[in-house]
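Read the structure below first, then the notes.
What follows is calculated from the coordinates using simple rules that are stated; it is not laboratory data. Fair warning: this is a prediction, and the values are worked out from it, not measured in the lab. All Cβ positions, glycine included, derive from the backbone under ideal geometry; neighbour counts span all protein chains shown.
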Amino acid sequence: MINNSKYILKLIQHPRSLIYSLPTWCRLRRKSPTSISDQFEYKKILCWCLSLCFISGAANALKTDASQPIHIDADHLTVDQKNMVTVFTGNVVISQGSMLAHASLAQASQDKDGYKTIHMTGSPVTFSQLNDDGDKTEGQGNVFDYNTKNNLAVLTGRARVKKGDNLVMGDKLTYNTQTQIYSANSNNANGVSTTKSGRVTVILQPQKGGGNGSDSTIKLQ
């Protein structure tokens with residue numbers, strides 16, 4: 001039995017030890033021999049990409065989450081060292097502090113130009129995270145994609161993001177991490193809506209304590 005606190009401390013003090021201890025760190029339920037070269041920058045890519053699973057709520061995310069270790073639980077792990085692709089499959093659970101995500105598949109990769117991507121699928125993919133203001137950001141969709149080349153985080157297929165009592169629903173929700181602009185579409189790539197109404201739905205609750213109503217911006221950050 002591994003003492004979690006001592007184990008995590010060891011990883012922080014000696015990051016390279018994570019490479020050799022990866023199967024234990026990820027707590028893979030179906031253990032099999034795994035050989036990972038210390039030249040493969042798996043830790044950097046995976047930890048950086050997985051932290052972006054919650055990018056839609058990142059602006060006000062609980063600041064202490066970023067300093068917490070990332071825990072991954074899955075049935076199977078595949079590492080392609082040559083192409084810099086790592087895939088977790090089978091009831092994937094990812095957590096970091098208050099952040100929690102569930103998916104059937106989670107894939108992190110980096111191309112030859114250094115751009116990083118993350119791809120997650122599920123029925124649906126779900127995520128939640130506490131914010132510094134005390135509210136919780138929750139979201140779900142059939143597919144989640146993020147690419148540093150275009151700075152877009154995209155949630156598709158019965159997508160919804162809820163912060164506190166405010167809610168946005170659509171077939172496709174997009175967030176640009178550079179411009180901090182959200183967009184929502186009501187139809188998927190085939191032109192067929194996966195929402196019941198066939199339209200984008202936005203629900204905004206009145207601000208607590210009233211207000212002059214001068215600010216009509218949709219705030220899900």
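See the values below:
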{"item": "Estimated vicinal HN-Hα couplings, Hz - the range 151-163 in sequence order (Karplus 6.51, -1.76, 1.60; Gly, Pro = x)", "result": "6, 10, 9, 10, 10, 10, x, 6, 7, 7, 10, 10, 10"}
{"item": "Residue 67/residue 199 FRET efficiency (R0 45 Å; Cβ-Cβ; nearest 0.05)", "result": "0.65"}
{"item": "Hz values of 3J(HN,Hα) by residue in the range 106-117 - Karplus curve (6.51, -1.76, 1.60), Gly and Pro given as x", "result": "9, 10, 10, 8, 9, 8, 5, 8, x, 6, 10, 9"}
{"item": "Sites residue 179 and residue 75 - FRET efficiency at Förster radius 35 Å, r taken between beta-carbons, to 0.05", "result": "0.40"}
